[in-house]
Every structure is written in C-alpha cells, then in structure tokens.
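Written out below as structure tokens is the structure these notes cover.
The values are calculated or read from the model by the stated rules, or taken from the named source; none is laboratory data. Fair warning: this is a prediction, and the values are worked out from it, not measured in the lab. FYI the Cβ positions are ideal-geometry reconstructions off the backbone, even for glycines, and counts take in every protein chain you see.
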Amino acid sequence: MTAMTTDAHPGPLRVLVFGASLRTDSVNARLASLVARLFAEADAETDLAGMGDFEMPLYNGDVELDQGLPQGALELRDRIERCDGFVISSPEYNASVPGVLKNAIDWVSRVRPQPFKDKNAMLVSASPSLVGGNRGLWALRVPLEHLGTRVYPDMFSLANAYQGFTDGGHLSDAVLQQRLSETVTSFLRLVEADVRYVVLQRRWYEFLADCTDAPITQRAQD
Ligand SMILES: Cc1cc2nc3c(=O)[nH]c(=O)nc-3n(C[C@H](O)[C@H](O)[C@H](O)COP(=O)(O)O)c2cc1C
C-alpha cells in the first residue's frame, strides 16, 4: 500500500499543551509544563496554554445569538487550529470533567469549521487522589470524540500529585517519568505520521452538528 502524503506544513510539529485548571498552584498546570518540556526536547514547537488565558462566560445560546462567540473562545480556536496535535492536562471533578473545561469545549465547538475535528489529542491528569484523575479523562473523551478528535488510546494520570513533582518540575518517581516520556514520544510519532502522511482515513463520523445538505454517503473525508 502506498502512503498518501498531505499538504502539511514542512516545519517542526506544533503541539498545544493546555492546562485545564484556573487554580494558581494547579498540579495540572505543572504537569502541562512538564509535558511541554518533553515535546520541546523532542524538537516539537510547543505552545503552552492555561485555562486562565481564555476568558469566557458560561455558555448561553442567547449570548451567542446576540454577541457571537466570546474572544476567549476564538483565541482558543486559533491556538487549536495552529497546532498539529494537542494535549489537555485536566483535573477530575466528581469523577468527571471540570465545568470550566466542558464550557470551553462547548463554546469552541460552536465555531465553523469546527476546530476539534480530525485533530490528534492526548489526555493527561494530575490529582492528589490515588487514581490521579483518570476517571475524568474517560469522561473527557466523550465530547472530544463526539467532535471528531482522534483521542490517543494511552492516557497518563499522576496520583498523589501534591507530592509528585521535584523542585525542578520532573516527576519524583523515575519510573513514572520514564512512562510519561515514552507516552509523549509515541503520541508525537503518531501525530507526525498522521500530519505528514494520511494514516487514518475516516469515511464518516458522527458529529451531528456538521450540518450539510449532502447525502450522508457524501460526507466522506479525503
Ligand atoms: C469540586 C471538586 C471536585 C473534585 N473531585 C475530585 C475527584 O472526583 N477526584 C479527584 O481525584 N479529585 C477531585 N478533586 C480534587 C482535585 O483533584 C484537586 O483539587 C486538584 O488539585 C485539582 O487540580 P489542579 O491542582 O490542577 O487545580 C475535586 C476538587 C474539587 C474542587
């Protein structure tokens, strides 16, 4: 089988790493910084962002109708569009996705073309609990996959996160540090393959808001 090339940009791969907490001393911001550093060491161009960079009100259809999309949502859209793949480091709230993150996804999902579609994403979490916020990541897969994001199968969750980092920002546990490093590298390889060569062709996906008059069989993607 011959590989199909794409018209992807020729420069280094661009990865957005997004810490999804508003808290000043966020452990997810710390994990996001570490992941960004690992991407930079692998020669990717890294864009580190935090939830606080994107101010937006609670989603309200009336506000959208009257005022359009808030500036913060458009800025997040721009950052997602510029990247070849993105990572979200998210807290787990009540075994699920924090409201602020879901709110941001909801706003950005209103932009057309819808920017989450066909992007590769990796999910990581940090929490003081023993499961490291992993249940929240399973919940986070649902809206992202609904929107057509290719969510990387491997995830990384740091348990006991308040004790989990060295002063230098690495993980205190060398085995976990190695595992995170390998997960980041594997994800980057997949992004490279998918961006430079089409490795995953979807003929159809279920994003019902992708309204088109075309018959369903013509909704194929190249
Ligand atoms: C409303 C709320 C719900 C929470 N629920 C969970 C939970 O289900 N599982 C968990 O591991 N931690 C939970 N936590 C604790 C967070 O993991 C902890 O506050 C963590 O520091 C948040 O991430 P951050 O430091 O990046 O802000 C919860 C915290 C809040 C405020």
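General observations
- Verdict on VAL15 being assigned to a strand (DSSP E or B) and either aromatic (Phe, Trp, Tyr) or within 21 Å of THR185 (Cβ to Cβ) (or both): yes
- Residue within segment 77-92 that is without any contact (Cβ under 8 Å) to a residue 24 or more places away in the chain, under 19 Å from THR24 (Cβ atoms) and assigned to a helix (DSSP H, G or I) present: no
- Restricting ASP43, ASP78 to residues that are within 30 Å of ASP167 (Cβ to Cβ), at pLDDT 95 or above and either more than 16 Å from the ligand (Cβ to nearest atom) or buried (at least 19 other Cβ atoms within 10 Å of the Cβ) (or both) narrows the list to ASP43.
- Within segment 25-40, the set of residues being within 29 Å of ARG196 (Cβ to Cβ), in contact (Cβ under 8 Å) with a residue 12 or more places away in the chain and either of a type in the set (A, V, I, L, M) or within 16 Å of the ligand (Cβ to nearest atom) (or both) comprises LEU31, ALA32, SER33, LEU34, VAL35, ALA36, LEU38.
- Conditions (1) of a type in the set (D, E, K, R); (2) over 25 Å from GLY132 (Cα atoms); (3) assigned to a helix (DSSP H, G or I): number failed by ASP43: (3)
- Selection status of LEU22, in contact (Cβ under 8 Å) with a residue 40 or more places away in the chain, within 16 Å of the ligand (Cβ to nearest atom) and hydrophobic (A, V, I, L, M, F, W, C): yes
- Residue-level check: of (1) free of Cβ contacts under 8 Å to residues at least 60 places away in the same chain; (2) on the phi < 0 side of the Ramachandran plot; (3) within 16 Å of the ligand (Cβ to nearest atom); (4) among the small types (Gly, Ala, Ser), ALA95 misses just (2).
- Filtered residues of segment 136-195 (kept if of a type in the set (Val, Ile, Thr), in contact with a strand residue (DSSP E or B) (Cβ under 7 Å, 6 or more places away or on another chain) and farther than 17 Å from SER90 by Cβ): VAL191
- Residue within segment 109-132 that is part of a strand (DSSP E or B), within 12 Å of the ligand (Cβ to nearest atom), more than 16 Å from the chain's Cα centre (by Cα) and buried (at least 20 other Cβ atoms within 10 Å of the Cβ) present: no
- Residues of segment 46-62 that turn out to be within 16 Å of the ligand (Cβ to nearest atom) and part of a strand (DSSP E or B), as a count: 3
- Apart from one condition, ASP173 fits all of (1) crowded, with 16+ Cβ neighbours inside 10 Å; (2) within 19 Å of SER26 (Cβ to Cβ); (3) more than 16 Å from the ligand (Cβ to nearest atom); the exception is (2).
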